[in-house]
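Student: Below is one structure. I have some questions about it.
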Amino acid sequence: MFWKTIVISACGAAIFSSLTQSSPIAGNSQPTYTSESHFSVKRSSIDVAPDGDLSKTFWKNSDFVEFDQDAWGKSHYPEVSTRVKSLWTDSYIYFGFLGRYDSLNTYGDEDPAPERWQLWNRDVVEVFLNPQPERVQHYYEFEVAPNNQWIDLEIDKTKEPFNSASWNSGFEHATRIDAKNHIWTTEMRIPLASINVSALRAGARWRANFFRAAGQGGDDHRKFLAWSIIPGGTTFHVPTRFGILEIVN
């Protein structure tokens, strides 16, 4: 089995304009969550540096969710089915993605070190994460592409613009491409301190959603997948559709 491995740590400021962007919501009212999708995140006794390998012992006892439905709940695409794992420690929350693919669409031979504007216009996996679910309109976004390009964003939909161009999480990430079996994987390690979490305990219930963009060509030919679907939607940025991320031992 042939693996191509790329590792990098995130840094720098973000500028954000996306096919998944929607209009900000005026005022400070907090709408109600409407998704019951549920994912349990277990505790790990150790921390590891991301290397993109989801078969290592670190992930052995983690739970996972898997999805192949498009973000709007209209179609299924088993050829790009996507699995997500997650674990937490005192210092980090980890996410691992395993995605099938028929072809890869990236920004070619670009340097993966700088934050990449318009990363969402190529193949990518995304975590939308809200560790303070009482603030429905405020959350964080993390994206990684098969060639390990990345972007991270702080979102506040009560503001105009709703994204912060200066926020930097310092999250670490790594990818592997298994060309023989048409699978690519990524690991993300997100510092809890960067998302305003001073201490994490079992019993916490965050809100989150997971996304995947895949395929060649324009948006009318690409596939956009979601764990918690957004019926009738036209954007990923619908925080009321975030599922439940339950922190357990």
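Student: Take the Cα coordinates of region 177-249, assign each an equal point scatterer, and use the Debye formula without solvent to give log10 I(q)/I(0) at q = 0.12, 0.13, 0.23, 0.27 Å⁻¹.
Tutor: With no solvent term, the Cα-only Debye profile gives -0.53, -0.61, -1.16, -1.26.
Student: Using unit Cβ charges (K, R positive; D, E negative) and no other charged atoms, how large, in debye to the nearest 20, is the dipole of the chain about its Cα centre? Can you show the working numbers first?
Tutor: Details: 24 positive and 30 negative charges, 118 e Å.
Computed about the Cα centre, the dipole is about 560 debye.
Student: Distance between Cα centroids, region 31-56 to region 102-178: provide it in whole Å.
Tutor: Spelled out, the Cα-based centre of one part sits 17 Å from the other.
Student: Mind putting together the pair-distance distribution for region 170-210? All Cα pairs, 10 Å bins, whole percent per bin, short to long.
Tutor: 20, 38, 26, 14, 1
Student: Reachable lysines from residue 56, Cα under 26 Å, same-chain residues fewer than 8 places away excluded?
Tutor: Within the straight-line limit of under 26 Å, residue 56 reaches these lysines: 4, 42, 85, 180.
Student: First compute the accessible area of region 192-247 with a 1.4 Å probe, then give the percent of it belonging to carbon and sulfur atoms. Mind showing how you got there, number by number?
Tutor: Details: 970 of 2040 Å².
Carbon and sulfur: 47 percent of the exposed surface of region 192-247.
Student: Just the number please: accessible area per residue for region 111-192, 1.4 Å probe, all protein chains included, in Å². Intermediate values should be presented prior to the final figure.
Tutor: Working: 2330 Å² over 82 residues.
I get 28 Å² per residue for this part.
Student: List the lysines whose alpha-carbon lies under 30 Å from that of residue 159, not counting same-chain residues fewer than 8 positions away?
Tutor: Within the straight-line cut-off, residue 159 pairs with 223.
Student: Next question, about the same structure. Using all alpha carbons of region 128-249, what is the percent of pairwise distances in each 10 Å bin, ordered from the shortest bin to the longest?
Tutor: 11, 38, 38, 12, 1
Student: Next up: Hey, any idea what Rg/Rh is for region 45-113, computing Rh the Kirkwood way over Cα pairs? Write down the numbers at each step before the final one.
Tutor: Values: Rg = 14.9 Å, Rh = 14.4 Å.
When Rh is taken as the Kirkwood radius, the ratio is 1.03.
Student: For Cα pairs less than 8 Å apart in space and 6+ apart in sequence, what is the mean separation divided by the residue count of the chain, i.e. the relative contact order in percent? Could you put the intermediate results ahead of the total?
Tutor: On the way: 656 pairs, mean separation 80.7, N = 249.
Relative CO of the chain lands at 32 percent.
Student: Also, quick follow-up: Once the convex hull of the alpha carbons of the chain is built, what does its volume come to per residue, in cubic angstrom? Mind dumping the intermediate values first?
Tutor: Numbers: hull volume 29.0 nm³, N = 249.
Convex hull volume per residue, Cα atoms: 117 Å³.
Student: Starting with the highest mean, order 178-184, 204-210, 228-234 by the number of other Cβ atoms within 10 Å, averaged over the residues of each peptide. Please report the intermediate quantities before stating the final value.
Tutor: On the way: 178-184: 15.3, 204-210: 21.9, 228-234: 17.0.
Output ranking for 178-184, 204-210, 228-234: 204-210, 228-234, 178-184.
Student: Please report, in whole Å, how far the alpha carbons of region 109-165 spread along each principal axis, starting with the longest.
Tutor: 41, 21, 17
Student: Related question: Are there any GluC sites (Glu not before Pro) in region 93-182 that are in a DSSP loop and have at most 14 other Cβ atoms within 10 Å? List them by number.
Tutor: Values: sites: 110, 115, 126, 134, 141, 143, 154, 172; in loops: 110, 115, 134.
Filter output for region 93-182: 110, 134.
The values are calculated or read from the model by the stated rules, or taken from the named source; none is laboratory data. Note that the coordinates shown come from a computational prediction; the quantities given were computed from them, not determined experimentally. Because the Cβ atoms are built from the backbone with ideal geometry, glycine has one as well, and the counts that use them run over all protein chains shown. Calculation scope for accessible area: heavy atoms of the full protein, side chains included, ligands and nucleic acids excluded. Shrake-Rupley method; radii C 1.70, N 1.55, O 1.52, S 1.80 Å.
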